[in-house]
1. Given (1) open to solvent by 20 Å² or more (accessible area, probe 1.4 Å); (2) touching a residue at least 60 places away in the same chain (Cβ under 8 Å); (3) under 30 Å from B:Lys222 (Cβ atoms), where does B:Gly142 come up short, assuming only one miss?
2. For segment B:591-609, enumerate the residues that are open to solvent by less than 60 Å² (accessible area, probe 1.4 Å) and part of a loop (DSSP other than H, G, I, E, B).
3. Where in segment B:456-555 are the helices (runs of 4 or more DSSP H), entirely inside, with at least 2 residues that are within 14 Å of another protein chain (Cβ to nearest Cβ) and without any contact (Cβ under 8 Å) to a residue 40 or more places away in the chain?
4. Among the residues of segment B:740-754, write down those that are touching a residue at least 24 places away in the same chain (Cβ under 8 Å) and open to solvent by less than 90 Å² (accessible area, probe 1.4 Å).
5. Identify, by number, the condition in (1) within 16 Å of ligand 2 (Cβ to nearest atom); (2) surrounded by fewer than 19 Cβ atoms within 10 Å (Cβ to Cβ) that B:Ile513 doesn't meet.
6. Filter segment A:11-31 down to the residues that are more than 7 Å from every other protein chain (Cβ to nearest Cβ) and over 13 Å from the mean Cα position of the chain (by Cα) and list them by number.
7. Sort out for me the strands (runs of 3 or more DSSP E) sitting completely within segment B:127-224 that have 3 or more residues that are β-branched (Val, Ile, Thr).
8. Looking at (1) closer than 22 Å to B:Met796 by Cα; (2) within 14 Å of ligand 4 (Cβ to nearest atom), which is the only condition A:Phe36 fails?
Amino acid sequence: MSWIRITNTENIPLREGRSVRVGDRDIAIFNLGNRFLAVENRCPHNGGPLAEGIISGKTVVCPLHAWKVCLESGAVKKPQSDACVMTYPVETVGDIICIDIPANACAA
Amino acid sequence: MERLVVVGNGMAGVACVEQILKHAPKFEITIFGDETHVNYNRILLSSVLAGEKEMDDITLNGLEWYRNNGILLRLGVRISAVDAIAKTVTGEDGSVTGYDKLLLATGSSAFIPPIPGVDKKGVFAFRNLDDTRNILDRAQEGTKAVVIGGGLLGLEAARGLQVRGCDVTVVHLMDSLMERQLDPAGGEYLRKQIEQLGVRVALGKSTSALLGNGHVEGVVFKDGESLPADMVVLAAGIRPNVELGRKAGLAINRGIVVNDFMETSDPDVFAVGECVEHNGIVYGLVAPLFEQGKVLAATITGNRGPLYLGSKQAAKLKIMGVDVFSAGDPNAAEGAEIVKYEDPTLGIYKKLLVRGNKLAAVILVGDVNDSHRYMEWLRADTDISPMRRSLLFPEPSSDDGRDVAQIPEGDTVCGCMGVTKGAIVHAIQSRGLNTLAQLKECTKASTGCGSCTTLCQHLLKAVAPDFEEDGRKVLCACVPFPQESLREIVRSQRLKSVQDILNIYGNGVGCEICKPALSYMVDVVWCGDHEEDRSARFINDRVHANIQKDGTFSVVPRIRGGVTSPAELRKIADVADKYKVPLVKITGSQRIDLLGVRKSDLPKIWADLGMPSGQAYTKGVRMVKTCVGTEFCRFGTQDAIGAGVELERRLENLFTPHKVKMATVGCPRNCAEATVKDIGLVGQEGSWQVVVGGAAGKSVRKADLLITVESTEQALEAAELFFQYYREHGNYLERTYDFVERIGMEKIRKETVYALDPAKKGLLDRLRKSKAISYDAWQEGASPVNPTQFVQIEAMHSPPGYFPPEQFQGAPV
Ligand SMILES: Cc1cc2nc3c(=O)[nH]c(=O)nc-3n(C[C@H](O)[C@H](O)[C@H](O)COP(=O)(O)OP(=O)(O)OC[C@H]3O[C@@H](n4cnc5c(N)ncnc54)[C@H](O)[C@@H]3O)c2cc1C
Ligand code: HEM
Ligand code: SF4
Ligand code: FES
């Protein structure tokens, strides 16, 4: 469990996502207005870049085939599926977005 | 068989005849009507005026109905006399018709106030189809219209005129709008909403004369002020048509007096509708008239028994975006408790009058979702003590819509036509109904003012096994309105951003379906002068490239008409080398695609290419494919390349409901396949055929001929007219081939190439305005809307340095 400073909050526009590379991880961070959320930037369907999706509430819609992924839990909400993506705790300190990266790389 | 003669072919008379037909056959029926139209829905004249309905859409009983029921219909004949002794009626055509029973259903007429000048040209009443037609003929973009009367009718008329582009002022005698249905505070909320629509409101104004020499030119008030006017609509009230009743010797007060059995003072003469007075009240809304009709039908067919004991009246303003509901008499506040809520920012005002734990009256402005609940309490005289804690806001129901299971069977769902929930459920089950259209046809529910449509749909959804949404589908659950309505809302409420629409008319959240659709809508309604919100756009429209299955993008520069040059080709080749583009492909649209490009390389590639975007990624103008035409082809009869390049130049960078692919060909051999394109120009000797709505994708459809014209300029203009018309009326994601089938070519021609000059000019002006604001999206490579749009963000520490957040609180970054 280690917190890492990612980027300035203003680099992620309101209701959009951006991907960030941390080591060998590709993480999608989203600006939901009142908070930031982060998930693995790989759609469980076919690897689509979730950071490029349209946000619908606290769900992101994958730009490739419109799978819907909950940004809080990482669960796929549509279609019905047990698949999920890894989520990362986010905190903002001042203007800086920080993400908590698990020490070893195994996804939950 | 007895002879029944009905005078008045209107809503109440015909509805009563429908009820009579449900009893055992007893009569040979003749109906006289002085209008020339079969029975139509008078309520919806407001919608016709506002362009939401066509005149043909509001027919209630077609000619077949009269024929199938053996009714002799005499239209355009006014009955001028009744002889109650000889039992005959005399028509203005000289005909004399004998009756055994006579039914007077003559309705009312518009009250024409005794003001000097009301007989001038350009002064209209608003009561029937002819009035509506005359008003529409007069109302043009920019016409100065004054509506006298700020009641339901006046406001609906004003709204209709304003939608038609008129400059409208409503003049009202009283100090508050709809003062009979609202209190002064409610009237004030309403005034604000009406003024927000762009209609001016002048209160406390008594009109003293209409000016003008033959034709009306202005309105003068008692206080000496005046207003210029090209037209005046009188909506100052109605007067029951009682002359025939008087001639028949009936007892008359304000209306023809009837008792609880709906009998008049003459045993063989009956009356129903707005011309009737029951217990001192003359009703002016359809719901009570239909209740009267049911009772009358029983009495007249010899089944005397059911009683008419008066009706609870409710009024609803039928203006999109201005929600007003009122029931009971809200100004009779004596001895009543008042329960009230208001929110000036949201424009919501709710007021209930409660007397002895019963609801006595209700006013709703700005939020009428609960009108059904209140109406039921009024109708059933419900003891509301158990609901005391949630009078103004119902307990949240688990359903997102109304919890239809909670509505008692006997509750009236459609107030206009008096249809209960039980009747609807029974009809759905016993007749296997699946669509709203079938439900309307079979039960008449939702054919009146339309305010119960959502409820009917919920019932269908809950009860019908194979419920299908009707043609008027809503955009999506986030903003549950049909796209036509949304366009209207966006325009009238001056909404310029997607988030505003979602906040005010939707769930505030939106999704991948509605956000791009609304983004398109604000763009087209405001001709590009909207508030662009990239978060509501699909990724392709944020980065101006087509996302591929591996998350890379493709780059297709614009090559107008497919005409390129060695220099351009060399540049493309250099770029492909420099950025190691994995695949270079000639597309099906006569241009070149560079596939497998990383997002961060996009701005650099665009800069190196120095060519504009080909919009291959968006719902917009794709390209114009051309054949060589007269340039080189030995068969060519028209300059296909010249016309194609010009067409592409005129339309490029614009957005459309779905992609638009075009082609121009020099002769009917059609080498560039113009007849399967959204818009095609097919050259022939001395003329061009302009064809639209073609497709060669998932489905194949041959394009329809729009028009044949002589010059290339005329052909380009026809293409532009259709293009803009499709932009304005197409639903998002509706290709032109579905669009032309939905609208019909005849109507499209009438509203584009055969439209009147002002309408054509309007289309072209709006197209030019959008075009002037539009720009080549690839210019955003140098100045992106969001600075990080094309940047791959890297973490601030790399290799990662790990800190718990507390540790670097306040530390320099
Ligand atoms: C623009 C508009 C909007 C309205 N909106 C609503 C609404 O939202 N909700 C609502 O409940 N109500 C509404 N109303 C009122 C509603 O339309 C009337 O209450 C209803 O139509 C009255 O029905 P009726 O049959 O009594 O009269 P009408 O529908 O007026 O029918 C009477 C017919 O008899 C004909 N007639 C009269 N005299 C003679 C004669 N001597 N010989 C032959 N024919 C004759 C008339 O021309 C007319 O066609 C609206 C009315 C208008 C004009
Ligand atoms: C292992 C399973 C799957 C694989 C390998 C797969 C692969 C693909 C591929 C390669 C495409 C075309 C991508 C492109 O447009 O470039 C595609 C399209 C699509 N897939 Fe899947 N898919 C799978 C399962 C699913 C499932 C389960 C769903 C939905 C529930 C789905 C929905 C779609 C949709 C909606 C499209 C777009 C179709 C269109 O172009 O209109 N796919 N899929
Ligand atoms: S369509 Fe006609 S003019 Fe054009 S290339 Fe073909 S044959 Fe020649
Ligand atoms: S890769 Fe995300 S929906 Fe297909």
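1. B:Gly142 satisfies every listed condition except (2).
2. Within segment B:591-609, just B:Arg591 meets the criteria.
3. Hits in segment B:456-555: B:498-505, B:514-525.
4. Once the filter is applied, which keeps residues that are touching a residue at least 24 places away in the same chain (Cβ under 8 Å) and open to solvent by less than 90 Å² (accessible area, probe 1.4 Å), segment B:740-754 yields B:Val740, B:Met745, B:Ile748, B:Arg749, B:Glu751, B:Thr752, B:Val753.
5. (2)
6. A:Asp24
7. Per the criteria, B:144-148, B:167-171.
8. All conditions pass for A:Phe36, except number (2).
The values are calculated or read from the model by the stated rules, or taken from the named source; none is laboratory data. If you're wondering where the values come from, they're calculated on a predicted model, not measured in any experiment. Note that each Cβ is placed from the backbone with ideal geometry, even for glycine, and that neighbours are counted across all protein chains shown. Protein only, heavy atoms only, side chains kept; ligands, DNA and RNA dropped before computing areas. Shrake-Rupley method; radii C 1.70, N 1.55, O 1.52, S 1.80 Å.
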